[in-house]
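The values are calculated or read from the model by the stated rules, or taken from the named source; none is laboratory data. Because the structure is predicted, anything quoted here is derived from the model rather than measured. Cβ coordinates were reconstructed from backbone atoms using ideal geometry, including for glycine residues, and neighbour counts include every protein chain displayed.
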Amino acid sequence: MAHFVTQHWEGDPGAMGGRRARASFSFQAFVPDPIADLRLLVSFEAADAVANAEEAIRALNEHAGVIGLEAVGPLLLRSEAVASSRLENIDVSTFNLARALIDPQHARGAAREVAANVAAMETAIAIGEKEADLTIDDLAELHRILMADSTRPQEAGHVRSVQNWIGGRLANPGDAVYIPPPASEVVRLLDDLVAFLNRADMPAIAQAAIAHAQFETIHPFEDGNGRTGRCLVHLILRRRGLTPHFVPPISIVLAARPTSYVAGLAGFREGKVVEWCLSFAAAAGRAAETSLALANRVAALQAEWRARAGNPRAGSAAAKTIAHLPAQPILSAGIIRAAIGSSHQRANDGLARLAASGVLRQIGGGTYDRTYAADELFTLVDAYERLVAHPDDDRARMLILAEGPAAPG
């Protein structure tokens, strides 16, 4: 059964922060129930919410080849990474993230960290496609990629061997909001979590919700647990076959109400598992429905771009660039040449045509290495993120929902 264990903190006489920061004391660390064999009795309301969320996610994925959603997939992943990082007070715009992704060598600070989050999510999806049973090493690999370029790379991919905690202002757990299990319990609990992940006898959304909350409860790494735990959602939903193409950015909904998110995780530790599943399912369903609306609007915007550029022929560099823009809204001739398989000159000519027609704006570079941005796409993504987080945002609703489904171009 879930329980608290008493632990001792050995004070450091030289610690900064006054007497409380230097004192020795005892504290209570929380050890959760195992979940490998969890059997959950759910309410009709929760079962309905989970079913509706899964239906919305399937609808999003079933439209992949109908309205060009393949190009929108990277947009959704970037939005998820931005929101997941924001929950850890790492804030970067989608625009700056896109710049960091095309020029990682020069990325700095928050943009570099969020770019690593994108890479970790991509790895989670790849792991989710494996047929073999999941292992602790798979979870450690997500953390390794997330933290490899952080300020604490020595921790990347290593299960913690020390006590950690959440919240508080001291360099000890004396005023922590939550204290996870002692380090001696972590491997046992991760073994149990992995056994739960390898089950296939419950709805994928419920499994993702429970696994995520249990991971956050264990807090198996010294840092980066929140972002790694949200990557785990991508892994589970892909592994269970619910998201063969796209995982909607659930973190946008969670980040919009961080207090409710944290309260939901705390409630899970108190045994309110059904309530947590209900909340998580509602977030997932909202993200999926709005993602489908975004895809429709992006398809409509691409049709407008083609008309504005004089309806370039289908095989031209300009037409291929328009098709590629949702996946790469900041690009250069070198990037688009590799993406569409054209010569440098054809790529440059296509970019120049789109810039002249107002589809793109030059944001950097000289004669031979110009960089361009699709500003209207970023406007749509910003509106989409606001609408996912705040369904009553009238301005965002007008931008995203004003158009009906666009015909494929």
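For the reader, a short list of remarks on this structure follows.
- Candidates Ile330, Ile335: the one that is touching a strand residue (DSSP E or B) at 6+ places or on another chain (Cβ under 7 Å) and touching a residue at least 60 places away in the same chain (Cβ under 8 Å) is Ile330.
- Here the range 55-83 is the region considered, the condition is being of a type in the set (Val, Ile, Thr) and modelled with pLDDT under 65, and the residue that is surrounded by the most Cβ atoms within 10 Å (Cβ to Cβ) is Ile67.
- The range 197-220 residues that are in contact (Cβ under 8 Å) with a residue 24 or more places away in the chain and buried (at least 24 other Cβ atoms within 10 Å of the Cβ), paired with ones that are among the acidic types (Asp, Glu) and part of a helix (DSSP H, G or I) (beta carbon under 7 Å, 6 or more apart): Ile205/Glu54
- Of the residues screened, Arg269 is one that is modelled with pLDDT of 90 or more and assigned by TED's automatic domain parsing to the domain that holds Ile250.
- Among the candidates Leu399, Leu354, residue that is at negative phi, in a helix (DSSP H, G or I) and within 28 Å of the chain's Cα centre (by Cα): Leu399
- Every residue from the range 142-166 that is buried (at least 17 other Cβ atoms within 10 Å of the Cβ), touching a residue at least 40 places away in the same chain (Cβ under 8 Å) and among the basic types (Lys, Arg): Arg160
- Selection count, the range 228-258, where residues are within 13 Å of the chain's Cα centre (by Cα), outside any helix (DSSP H, G or I) and either under 19 Å from Val92 (Cα atoms) or of a type in the set (A, V, I, L, M) (or both): 2
- Meets criteria (assigned to a helix (DSSP H, G or I), surrounded by 16 or more Cβ atoms within 10 Å (Cβ to Cβ) and not assigned by TED's automatic domain parsing to the domain that holds Val50) for Leu331: no
Here is a yes/no grid of residues against (1) more than 22 Å from Thr379 (Cα to Cα); (2) aliphatic (A, V, I, L, M); (3) surrounded by fewer than 24 Cβ atoms within 10 Å (Cβ to Cβ); (4) in contact with an Asp or Glu (Cβ under 8 Å, 6 or more places away or on another chain):
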{"residue": "Ile252", "(1), (2), (3), (4)": "no, yes, no, yes"}
{"residue": "Glu289", "(1), (2), (3), (4)": "no, no, yes, no"}
{"residue": "Pro326", "(1), (2), (3), (4)": "no, no, no, no"}
{"residue": "Arg337", "(1), (2), (3), (4)": "yes, no, yes, no"}
{"residue": "Ile340", "(1), (2), (3), (4)": "yes, yes, yes, no"}
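- Count of residues meeting criterion [outside any loop (DSSP other than H, G, I, E, B), touching a helix residue (DSSP H, G or I) at 6+ places or on another chain (Cβ under 8 Å), under 26 Å from Ile57 (Cα atoms) and among the aliphatic types (A, V, I, L, M)] in the range 294-328: 5
- Evaluation of Ser342 against the conditions (1) in a helix (DSSP H, G or I); (2) over 21 Å from Leu294 (Cα atoms) shows that the sole unmet condition is (1).
- Phe268 being part of a loop (DSSP other than H, G, I, E, B) and not β-branched (Val, Ile, Thr): no
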